[in-house]
Every structure is written in structure tokens, then in C-alpha cells.
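Heads up, the thing below is written out as C-alpha cells.
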Amino acid sequence: MYIGITLTYPLMTNNYGFLVVLMKKDIYGEKYMSDNIICRMEHVTVKEQQNIGLHDVSLHITENHLTALISEDGSAGEVLKVIAGLQKIQSGKADYPGLKSVWMKKGVHPAEENTQSGKIAYSRLKAVTRTGKEPDVEKETKPFLKPIQYVPDDIVRYSGLTVEAFLQGVAGGSQELINEAVRLLSLFNIDVRDLLLEMTIEQNRLVSVIQAMMAKPALLLLNRPYDMLTERTFKVLLKEVVALYAQGGTVVLAAEHYDDVVLPAHDYIFLKEGKVIGRFAKNQLPVPAKVVTLWGGSISPMLSEKMTMLTRRKGYCRFLYEEQNMKELALRLSITGCKNFNIEELTMEEMLFKDYERWIL
């Protein structure tokens, strides 16, 4: 059971603020003008027993971006595992092209230049557990050393261990990490003396996030961070995520639905059945169509080029209507002569996947 993995790389960050970087072509049809790509997956296929976890997935993660991976079937979580180096790849490759030049410039051994994902990367937690001290490379490259942190959709499952003992072990004697952990624990009102498996589920879930965020990672991978948290607590957590981003960090968030993302992301990647269905910058997201239901009247005032009929029978019809001007839509509905009408909206997923099943009655 994963409780969070620290993969440590020498990495320099930059600052874009909240500006969305413009796009051009990449390996699967879209590329960014920025060359600061932290992670890249090319035609990756992952098999889970008899099922395909991921099928021919190609994507990249841009530095100092917030990227949302969205899928209802767990495909987004599989992508996070590949990025973290925790998932075996059957074909294709995953690497960190944006880090290689930094490794070479900062004197890291050239043999490590071809590190795939995190398989032979420096692991702070493992090194501390094995040697009782930080990896030597940190002394040489400390100003540029930033970890990659992965937070699974799970709690910390160590029995007989207090919050304090767990986080001190992760910190490995680093006072800077300990100070940040204390700040976050205080923010969420968590007692360091509590045993991990005797806390509330929400508090334990927060500890799993804190152990990742206290390192102020260059790349933070969050799988369904809203799960097990109240809405109020999740809002507080999001403020910390935004603060990390504002300091130059990169965040990849996996969610089940578009509405779960909450934060305005730079990039939205939608997956279904292990395949990338679409990738959009924030200003390129499709606008979901309205779902209009009419009782009685005539649809003749509605513009046919904006309509997609879903259900029609005597005295009743339901159709999709692509109109964002609500005054215009209301005006046309008012002259249909209907007895009553109702206006709803497709979800982003229904729009992208053309899944209208729940609206057809």
C-alpha cells in the first residue's frame, strides 16, 4: 500500500503566475511554446492482469502548470503511477526531458541522465531509512534539489506509529521540512501525538498529503485529493496547493469528474478506458450544450442548426441546444407557445463523450 513516494531530482523552477501558455503541435497533436516539460509519456501501454490499464497514452506535463487528469474509470490514477515510476510499462516510455539538462549542468553522474520515471532516482525516504542521513547529492545540489511527490487516494496505514514519528521519519532530520510539517499540522488542527490508525479518516488523509507537501515539491501528484475530506477542509487544502504553484511548483491532479477539479487548470486531459480522449487548455474547453425540455407548443422558433433532438413524442420533447446567450434562448422559448419548459446543462464529460443516455426518457 503506497503512502506517498519521494523521488528527488535536481531541478530549477520558473515563474509564469497564472498565465496559460499558448499551444502548438506536439507528439500527439498538441504542443506548447514552452520547452519546460517536466514529464513526457510516449505511447505508453499498461496492462492490469487481463485488463488494459492504459492504452497508447501520449501526453506531457509542463513546468509550473496545473494539469487536471479526468476519468471516471481510474485511468487518470494509472497515469499518476506511471509518472511516479510505480507502474510497470508494457510498451512505450516515460521520461523527464526537462530534467536531463539540469542533471548534466549540475554535475550529477551522466549514467543517471537516462533515468526513466523514478526507477533509479534518489529516494529521500529510502535513503534516510537505509543510512540514517540525507543522500550525499543533496549537499552538492541543495539550491536546485526539488522532489517529486506522489499522494495516492488512500490513508497512511502504519499501526502503532504517531503522526510525529511518521513525519520525522519522512523529514530525515531536515529542520526545514519539520518546520513546514508543523505549520501544516497546525493549519489543519492535527495533534502530532495521535496514532495514525486512531485518527479520523479525514485527519489521516491529510497526514498523507502533508508528508508530500511539506517538502514543497517541484512536481506534486495528487490522486483524488478531495476524497475523504469535507468541502471546507478541501478548500483550505486547495489554498496550499495554489501557494505551492505560486512558488513555481507543478501540480498534476487526478479526478473523476471535471467539476471535482475546482481550481482553474492550465491543461485538462480527459481519459476513458485507458485512452486519452481529449486535451484542452482552459480557454479551449468546449461549452456544454443546454438540455431543453418542452411541454406542448412548437419548436419552430428554435434554430435547427443549434438543435440535437433527444426525445420527442406528442406534447413533449427534449433536445440539446447550443446557445450561451440565455436571454436569446429564453426569448425563443417564450414564443414556442409551450405550457412549460425546463433548461439544464450537459456535464463536461457528457459533452466530450457524447453520452446523452440519462437525458433520453
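Quick look at the values:
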read-out: Rough spin-label spacing in nm, given labels placed 7 Å along Cα→Cβ, for Glu202 and Glu72; value: 2.8 nm
read-out: Cβ-derived FRET efficiency at R0 41 Å, Thr230 paired with Gln324, nearest 0.05; value: 0.80
read-out: Computed over segment 237-294: relative contact order in percent, which uses C-alpha pairs under 8 Å that are six or more apart; value: 19 percent
read-out: Cα gyration tensor shape for segment 233-361, rounded if a/c is under 1.5, else prolate or oblate; value: prolate
read-out: Rounded FRET efficiency, nearest 0.05, which uses the C-beta distance separating Phe353 from Ser58 and R0 of 30 Å; value: 0.95
read-out: Segment 228-337: relative contact order as a whole-number percent, Cα under 8 Å and 6+ apart; value: 17 percent
read-out: FRET efficiency, Glu344 to Asn179 (Cβ-Cβ, R0 56 Å, nearest 0.05); value: 0.70
read-out: Additional length obtainable on full extension of the chain from Leu331 to Leu187, 0.36 nm per residue less Cα span; value: 46.8 nm
read-out: Segment Leu285-Leu361, length gained on full extension (0.36 nm per residue, minus Cα span); value: 24.6 nm
read-out: Relative packing of 191-204, 72-85, which averages over residues the other C-beta atoms within 10 Å, highest first; value: 72-85, 191-204
read-out: Distance between modelled label sites at Ile277 and Ala246, nm, 7 Å Cα→Cβ extension; value: 3.4 nm
read-out: For Lys272, distant residues with modelled amide H under 5 Å away; value: Ile277
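Read-outs: derived from the displayed coordinates by stated rules, not from any lab. Only a predicted model underlies this, so the values are computations on that prediction, with no experimental measurement involved. Here the Cβ is made from the backbone with ideal geometry for all residues, glycine too, and neighbour counts use every protein chain on show.
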